[in-house]
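The values are calculated or read from the model by the stated rules, or taken from the named source; none is laboratory data. No experiment lies behind these values; they were computed from the predicted model shown. Cβ placement follows ideal geometry from the backbone for every residue including glycine, while neighbour counts extend to all protein chains displayed.
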Amino acid sequence: MNPTLEIFSQGEEIVTGQTVDTNAAWLSQKAVACGFTVTRHTAVGDKLDDLIVLLQDISQRADCCICTGGLGPTSDDLTAEAVAYAFNMPLEFDEIAFEQISRFFAQRNRAMPESNRKQAMLPQGAERIDNEWGTAPGFSLTYGRCWFAFLPGVPLEMKHLFQDRVLPKLSIRFLLQPGQLITIKTLGLGESAIQERINSIEIPAQVQLGFRAGADDVQTKLLFPFDYPETAISTLVAMIANQLGDYVFAIDGMGEITGDLAFEIDKLMTIGNSHTLAVLETASQGLLAAKCVGSEWLISAIYEQSTARLGQNLIAEANTEYLITTAKAIAVDIQKTSGADFVLVQLYAGNNKTLHDKDKSIVLYNILLTGNNFYQSIHSIAGPIKRKQNQAALMTLDLLRRYLQHKAMNH
């Protein structure tokens, strides 16, 4: 059984929502990858009694705890003091820590405030964690059943100390058997639709199934135990991917480096003989091109808020046949002027007022021209303007992705 790990964040700014606790998310990913079972995230404000009680509770229920924040020089930084009271480990002045803090200021030609002396006060018996990236040294200790590592809350400092100082200790102190996380990335299916599609597949009890819905994709996650057979992993992943079909644009964790939709399209566009692309976008308002920024294959990108080519404001009343015919004509024109191998044209039915109305949907019409062949997709998109913009960019790019993946599979 994997050792358990908790993450404890200290700071009133986290509890009140003034600061987003990205540290906890980052540490959780690292801990799971190491082989821990992460059981809790806890955030506590600048209240000494609450910190003391929490530390004592964690010491009795977790094998490991990574704590961030509260190691600064000001009166609201209470972590070291809370540890001293919770574990009966009085604070002691650490001369080496003080010298490191003093040197930090001296190297920057700055006078060290007297308040920074507080950061050199560490719990008796704790092991100092040197911080080369800031003024707050961390420290580690064992109390009860739990090994604690206390790190500064500044993300840059925390990440360096965890990677360079804490991670090596974890592999020595704990028997870690990391599982294998497989992430199937899809676009165009919601979580419930994915669940329905895979309900007929028997997921073994020892395999943890989860879902994550984001703005750019929905991820189906499978966490396999350390010793799970590779052939069984491949078989189960293939079964699920087969049920999800063309909605799958990438599978992470099987050895191949994957990314978001634009990353996957970039790989497909540069396989063998590189291709070029020209786009005309409307509803996505330039976001489609922005998602492909830096891609050499995107040689032309046009954004038209009012489709002047059509002589009307985004053809609010036009029917499907007229929209498709018009989009094809625009694609042919762009292909002639740009010389691109592929052309994507995105139009939508609805006016600018509809686009901005969160209670009204637009119908998106995408055309892909490849040589003399046309491919098309039609989507209804609802929600606030930002969601419509992002979904329009993704759905238009996804038409290209599906074509390229199908082409790659047949060669």
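Structure above, values below:
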{"quantity": "Test: residue in the range 101-110 that is part of a strand (DSSP E or B) and either over 35 Å from the mean Cα position of the chain (by Cα) or at negative phi (or both)", "calculated": "no"}
{"quantity": "Positions within the range 189-235 being within 28 Å of residue 176 (Cβ to Cβ) and among the hydroxyl-bearing types (Ser, Thr, Tyr), in sequence order", "calculated": "220, 228, 231, 234, 235"}
{"quantity": "Yes/no for residue 117 being surrounded by fewer than 17 Cβ atoms within 10 Å (Cβ to Cβ) and under 22 Å from residue 47 (Cα atoms)", "calculated": "yes"}
{"quantity": "Flag for residue 84 being in contact (Cβ under 8 Å) with a residue 60 or more places away in the chain, of a type outside the set (Val, Ile, Thr) and either in contact with a Phe, Trp or Tyr (Cβ under 8 Å, 6 or more places away or on another chain) or surrounded by 15 or more Cβ atoms within 10 Å (Cβ to Cβ) (or both)", "calculated": "no"}
{"quantity": "Among residues of the range 90-119, those that are touching a helix residue (DSSP H, G or I) at 6+ places or on another chain (Cβ under 7 Å) and aromatic (Phe, Trp, Tyr), counted", "calculated": "2"}
{"quantity": "Matching residues in the range 214-255 - criterion: being polar (S, T, N, Q) and either farther than 20 Å from residue 266 by Cβ or more than 19 Å from the chain's Cα centre (by Cα) (or both)", "calculated": "220, 231, 234, 235, 242, 243"}
{"quantity": "Neighbours by Cβ (under 9 Å, 6+ apart or cross-chain): first from the range 387-411, surrounded by fewer than 16 Cβ atoms within 10 Å (Cβ to Cβ); second of a type in the set (S, T, N, Q)", "calculated": "407/370"}
{"quantity": "Strands (runs of 3 or more DSSP E) (entirely within the range 135-209) containing at least 2 residues that are farther than 30 Å from residue 245 by Cα and of a type in the set (Phe, Trp, Tyr)", "calculated": "138-143, 146-151"}
{"quantity": "Sole exception among (1) surrounded by fewer than 16 Cβ atoms within 10 Å (Cβ to Cβ); (2) modelled with pLDDT of 90 or more for residue 335, by number", "calculated": "(1)"}
{"quantity": "Filter pass, residue 77 being closer than 28 Å to residue 253 by Cα, in contact with a Lys or Arg (Cβ under 8 Å, 6 or more places away or on another chain), of a type outside the set (Gly, Ala, Ser) and surrounded by 14 or more Cβ atoms within 10 Å (Cβ to Cβ)", "calculated": "no"}
{"quantity": "Unique match (being in contact with a Gly (Cβ under 7 Å, 6 or more places away or on another chain), at pLDDT 95 or above and β-branched (Val, Ile, Thr)) among 79, 42", "calculated": "79"}
{"quantity": "Scan of the range 37-62 for residues that are hydrophobic (A, V, I, L, M, F, W, C) and assigned to a loop (DSSP other than H, G, I, E, B), ordered by number", "calculated": "62"}
{"quantity": "Residue within the range 260-267 that is part of a loop (DSSP other than H, G, I, E, B) and surrounded by 17 or more Cβ atoms within 10 Å (Cβ to Cβ) present", "calculated": "yes"}
{"quantity": "Residue within the range 133-151 that is hydroxyl-bearing (Ser, Thr, Tyr) and over 36 Å from the mean Cα position of the chain (by Cα) present", "calculated": "no"}
{"quantity": "Test: residue in the range 85-99 that is in the same structural domain as residue 158 (by TED's automatic domain parsing), of a type in the set (Asp, Glu) and under 37 Å from the mean Cα position of the chain (by Cα)", "calculated": "no"}
{"quantity": "Residue in the range 42-51 that is surrounded by 15 or more Cβ atoms within 10 Å (Cβ to Cβ) and farther than 21 Å from residue 136 by Cα present", "calculated": "yes"}
